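Take a look at the structure below.
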Amino acid sequence: MVLSPAEFSAFLQRHRIKAINFASTLLSHEMPEMFVDVEHIIFGGDRADAAALLRLRQAGVRAELINGYGPTEVTTLSCTHVVQDDDIRDGDVPIGRPFANTSAYILDEDMQPVPVGVQGELYLGGAGLAGPVVVNMYGITETTVHVTLHPVDWATEPAASESVIGDPIADLRLFILDEHLEPVPQGVVGEIFVSGPGLARGYQGRPDLTADAFMPCPYAERAGERMYRTGDLAK
């Protein structure tokens, strides 16, 4: 949903929204008064603009301002600071202290900590830092792309010749069937069929294709349930 500044302001007031979180760039918009009824404003994802914060105050916005600094690699926020009016007047808004699961270091070119008040490059570490997590999500367009999910085990799976697709997501069921639409034994190759509330109704305007790919489900949990023939093989 895309709203104009006036529509966004009306949306905030209509729903009595008191706390909001967004990218720092939105603070630079020409209608700071849209936030006049908000009590807590959390912003991050970019350098905090002291001039934009000053315009908020001049527009009568008395909300608590929270600078949430952080890059995408720590899921956006790594440090937080409640902005004081002195910060705004000084022109440099502090990024604050790191979250409990994050460590922050200001280092020189030799990777040594710089003295207090000396400029250096900011490095982040700790449990909040992104790790090599990869999730394989098998799926098809007829289920809005995703059917299953499987977190990849880097210790064993990169060397495997076959991809593990994992378990179906909550609104879908998955069957591996033979040519008679009977379940195959574990470890035996069969065709993947998908059913459940997350399955599409069919192809708009193409009843012939729908009838060919979407068939009555012999393992239905509700009346009229159908399943989709994917054409993909699994075991």
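See the values below:
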{"item": "Residue among Arg229, Arg201 that alone is more than 14 Å from Leu174 (Cα to Cα) and in the same structural domain as Leu149 (by TED's automatic domain parsing)", "result": "Arg201"}
{"item": "Close pairs from the stretch 68-83: first touching a residue at least 60 places away in the same chain (Cβ under 8 Å), partner aliphatic (A, V, I, L, M) and part of a helix (DSSP H, G or I), Cβ under 9 Å, at least 6 apart", "result": "none"}
{"item": "Subset tally (residues that are in contact (Cβ under 8 Å) with a residue 24 or more places away in the chain, over 25 Å from the mean Cα position of the chain (by Cα) and surrounded by 10 or more Cβ atoms within 10 Å (Cβ to Cβ)) for the stretch 166-197", "result": "13"}
{"item": "Among the candidates Ala48, Ala52, residue that is assigned to a loop (DSSP other than H, G, I, E, B) and not polar (S, T, N, Q)", "result": "Ala48"}
{"item": "Filtered residues of the stretch 78-107 (kept if farther than 19 Å from Glu121 by Cα, out of contact with any helix residue (DSSP H, G or I) (no Cβ under 9 Å at 6 or more places or on another chain) and β-branched (Val, Ile, Thr))", "result": "Val82"}
{"item": "In the stretch 118-151, residue farthest from Leu233 (Cα to Cα) [restricted to those that are part of a strand (DSSP E or B) and either β-branched (Val, Ile, Thr) or touching a Ser or Thr at 6+ places or on another chain (Cβ under 6 Å) (or both)]", "result": "Leu124"}
{"item": "The stretch 55-78 - residue that is in contact with a strand residue (DSSP E or B) (Cβ under 9 Å, 6 or more places away or on another chain) and in a loop (DSSP other than H, G, I, E, B) and, of those, farthest from Pro5 (Cα to Cα)", "result": "Ser78"}
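The values are calculated or read from the model by the stated rules, or taken from the named source; none is laboratory data. All of these numbers come straight from a predicted model, not from anything done at the bench. Counting neighbours? That spans all protein chains shown, and the Cβs are built from the backbone with ideal geometry, glycine included.
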